[in-house]
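Here the structure is laid out as structure tokens; the discussion comes afterwards.
Coordinate-derived values only; no laboratory data. As the structure is a prediction and not an experimental result, all values here were calculated from the model. Here Cβ is always computed from backbone atoms with ideal geometry, including for glycine, and neighbour counts include all displayed protein chains.
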Amino acid sequence: METNEHMRKHDERCETIGLLTKLEEYITDETNDSLYYYRLAELAPEEEDRSIILGFARDEAMHASNFKILYRLLTGTVPPEPVVVEPQIEDFEEGVERRILAESGDFRKYAMDYVEYHEPPVCDLFYLTSVAEGQHAMRLTLFLN
Ligand SMILES: [Fe+2]
Ligand SMILES: [Fe+2]
């Protein structure tokens, strides 16, 4: 009985460490995704497209900030500063296509996290993030000719 309790605590600790590692990675990814969309918006040929893409940039910044809040909630400390990469986009449409792949991947990734971390508020955050990424993937197809 005591061994079981010990094992359970051990599993919980490992699960939390795994989650924190993911959150650090996601904070970096979402921050860079946001910068990418700010850059992509500059290349958008139509004003209407630009405002939709700026909306994506703000969504991604919010994802990063939500993950930071969750990290602080779980650890009581601030997460490490994300490593920022200057976005390289040669061509608008190519940039859009690259994001459709990335967003549809994130849609699935966060859905898998939702299944794995089934306790609120963690699962709720992953669920809502997954939905937003799915919406991005679908809306990006508006910009293909
Ligand atoms: Fe995102
Ligand atoms: Fe996204």
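Largest GNM mean-square fluctuation among LEU35, LEU20, LEU73, using the chain with Cα springs under 10 Å: LEU73. Ellipticity at 222 nm from helices only: DSSP H runs of n ≥ 4 in the chain, each -39500 (n - 2.57), divided by the residue count, give -28500 deg cm²/dmol. What is the Cα centroid distance between the range 69-145 and the range 29-45, reported in whole angstrom? Each part's Cα centre sits 13 Å from the other's. Taking THR129, THR28, THR77 in turn, the Gaussian network model of the chain (Cα-Cα springs below 10 Å) assigns the largest fluctuation to THR77. Amide H contacts of ALA44: none lie under 5 Å away among residues 5 or more positions distant or on a separate chain (H built 1.01 Å from N in the peptide plane; Pro and chain starts excluded). Which one, LEU142, HIS10, TYR110, projects farthest toward the positive side of the charge dipole computed for the chain from Cβ point charges (K/R +1, D/E -1)? The residue sitting most towards the positive pole is HIS10. Counting other Cβ atoms within 10 Å as a rough exposure proxy, the listed residues TYR114, TYR38 run TYR38, TYR114 from fewest neighbours to most. When only Cα pairs under 8 Å and 6 or more residues apart are kept, what is the percent relative contact order across the chain? Answer for the chain is 22 percent. Cβ crowding within 10 Å, taken as a proxy for footprinting-reagent exposure, orders SER34, SER130, SER51 from fewest neighbours to most as SER51, SER130, SER34.
The GluC sites (Glu not before Pro) of the range 23-97 that DSSP puts in a loop, and whose beta carbon has at most 15 other beta carbons within 10 Å, are GLU46, GLU90. Summing Cβ point charges (Lys, Arg +1; Asp, Glu -1) relative to the Cα centre of the range 1-97 gives a dipole of roughly 860 debye.
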